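Undergrad: Just dropping this structure here.
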């Protein structure tokens, strides 16, 4: 037997209704906040991620699914959503439209990493990206969108962590301070972080190796190095969130795992799934558009893993929709009624009623057993007498109740 690749997962029909429910809430929330959907390719030229995400990140160094296509071009499966949306913003001239531009996506993401709770090698993200303004109100717009969705799902055990990682000017001073701090401790650091020390010291703070984490605890804090403009932006965002009654904690150790971030970075964390509790992460990336070939354009956004979101909701016992079952199952008796029943379900389906009937030649007993197992809400038995009289007994399966109804009245009865 050929088995599923490691780090991937089948979403079976018995579970897909949860995805439909969450995706529906995503789209409803996005619409309420004025985000419009964008769909970008599943793979991009590798250079986009090298320049956008950053060559010193774990994603680029260890996790990308990169290959040569038949034209000998290097392409990479989408490892995150933002770079592709930024590329689309430039390539399709969206900067000429009314600004800011607000877009959202639901997309598969591919990363070769050790599979863990809520994070697979193929997983799915809901993300929003806002281009065209450096206002801290745009940061608040992104954060409040994430908060609104999490609240719609009913997730309570949440904390919002906030930080600023400054701009290239003040981060240069900070990187110099980090380099000085870590240089005398590099013998205690992992090989990857020793390499980061010369290329991008900020990445050391995001290392998951315990020994590096211990060393980082006493490292210089970015908020002591940010410039006046970055500090004013950070403080204004806090003022907005406070005014809105949104509780947050400033965590100067949040740097996120991508090189394109500037100024604001944030995370929503849930305690419902243990150590891997981050359910949303994002921030501002004012240099990304210019970095990949566009005009300098401020931008901010977030990404939210749907697998992890569903896991948190399940752990909290939250409502995740109803299993999708037929409203009505029609059980024909005898061959002469099968065609009539099949035509009847087509008429009901055309009127928006989820209806099924036998297509396997089952006995009446087998049909009733199938209807029960499939979760049909109502059943009617259709024999010659019912067809001749035009009256059937509509059985409600969950309550074992019956009512007489005309065949012509089924659509009206079941559509209410």
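The values are calculated or read from the model by the stated rules, or taken from the named source; none is laboratory data. What you are looking at is a predicted structure, and each value in this text was computed from that prediction instead of being measured. A quick note on method: Cβ atoms are made from the backbone with ideal geometry, for glycine too, and the neighbour counts reach across all protein chains shown.
Undergrad: Only one residue in 230, 193 is at pLDDT below 90 and crowded, with 20+ Cβ neighbours inside 10 Å, so which one is that? Can you show your working first?
TA: Numbers: 230 fails: at pLDDT below 90.
Among 230, 193, only 193 is at pLDDT below 90 and crowded, with 20+ Cβ neighbours inside 10 Å.
Undergrad: Read through the list (1) assigned by TED's automatic domain parsing to the domain that holds residue 84; (2) touching a helix residue (DSSP H, G or I) at 6+ places or on another chain (Cβ under 6 Å), then give the number of the only condition that residue 305 fails.
TA: (2)
Undergrad: For residue 201, work out the one condition from (1) under 29 Å from residue 48 (Cα atoms); (2) within 29 Å of the chain's Cα centre (by Cα) it doesn't fulfil.
TA: (2)
Undergrad: Now for a separate question. Residue 141 is checked against (1) touching a helix residue (DSSP H, G or I) at 6+ places or on another chain (Cβ under 6 Å); (2) within 30 Å of residue 320 (Cα to Cα); (3) assigned to a helix (DSSP H, G or I) and fails just one. What number does that condition carry?
TA: With (1) touching a helix residue (DSSP H, G or I) at 6+ places or on another chain (Cβ under 6 Å); (2) within 30 Å of residue 320 (Cα to Cα); (3) assigned to a helix (DSSP H, G or I) applied to residue 141, the lone miss is (1).
Undergrad: For the range 358-416, please list each of the strands (runs of 3 or more DSSP E) lying entirely inside it that holds at least 3 residues being free of Cβ contacts under 8 Å to residues at least 24 places away in the same chain. Spell out the reasoning first.
TA: Working: elements: 378-382, 391-396, 401-406.
Output list reads 391-396, 401-406.
Undergrad: Is there a residue being more than 13 Å from residue 163 (Cα to Cα), touching a strand residue (DSSP E or B) at 6+ places or on another chain (Cβ under 7 Å) and surrounded by fewer than 22 Cβ atoms within 10 Å (Cβ to Cβ) anywhere in the range 212-225? Don't jump to the end; show me each part of the working.
TA: Initially, the range 212-225 is screened for residues more than 13 Å from residue 163 (Cα to Cα), giving 212-220.
Going one step further and asking which of them are touching a strand residue (DSSP E or B) at 6+ places or on another chain (Cβ under 7 Å), we end up with none.
No, the range 212-225 contains no residue that is more than 13 Å from residue 163 (Cα to Cα), touching a strand residue (DSSP E or B) at 6+ places or on another chain (Cβ under 7 Å) and surrounded by fewer than 22 Cβ atoms within 10 Å (Cβ to Cβ).
Undergrad: Report yes if residue 178 is under 28 Å from residue 286 (Cα atoms), buried (at least 17 other Cβ atoms within 10 Å of the Cβ), over 30 Å from the mean Cα position of the chain (by Cα) and free of Cβ contacts under 8 Å to residues at least 24 places away in the same chain, otherwise no. Talk me through it step by step, then tell me what you get.
TA: Working: under 28 Å from residue 286 (Cα atoms): yes; buried (at least 17 other Cβ atoms within 10 Å of the Cβ): yes; over 30 Å from the mean Cα position of the chain (by Cα): yes; free of Cβ contacts under 8 Å to residues at least 24 places away in the same chain: no.
No: the conditions fail for residue 178.
Undergrad: Give 281, 303 a once-over and let me know the one that is free of Cβ contacts under 8 Å to residues at least 60 places away in the same chain, in a strand (DSSP E or B) and touching a strand residue (DSSP E or B) at 6+ places or on another chain (Cβ under 7 Å).
TA: On the way: 303 fails: free of Cβ contacts under 8 Å to residues at least 60 places away in the same chain.
It is 281.
Undergrad: Return the only residue of 75, 85, 128, 60 being modelled with pLDDT of 95 or more, more than 20 Å from the chain's Cα centre (by Cα) and buried (at least 17 other Cβ atoms within 10 Å of the Cβ). Please lay out each step first, then the result.
TA: Details: 85 fails: more than 20 Å from the chain's Cα centre (by Cα); 128 fails: more than 20 Å from the chain's Cα centre (by Cα); 60 fails: modelled with pLDDT of 95 or more.
That would be 75, the only listed residue that is modelled with pLDDT of 95 or more, more than 20 Å from the chain's Cα centre (by Cα) and buried (at least 17 other Cβ atoms within 10 Å of the Cβ).
Undergrad: Let me ask you something else. Of the numbered conditions (1) under 27 Å from residue 50 (Cβ atoms); (2) outside any helix (DSSP H, G or I); (3) not assigned by TED's automatic domain parsing to the domain that holds residue 143, residue 179 satisfies every one except a single condition; which is it?
TA: (2)
Undergrad: Let me ask you something else. Identify all residues within the range 34-46 that are surrounded by fewer than 17 Cβ atoms within 10 Å (Cβ to Cβ) and closer than 18 Å to residue 99 by Cβ; write none if there are none.
TA: Within the range 34-46, 34, 36 meet the criteria.
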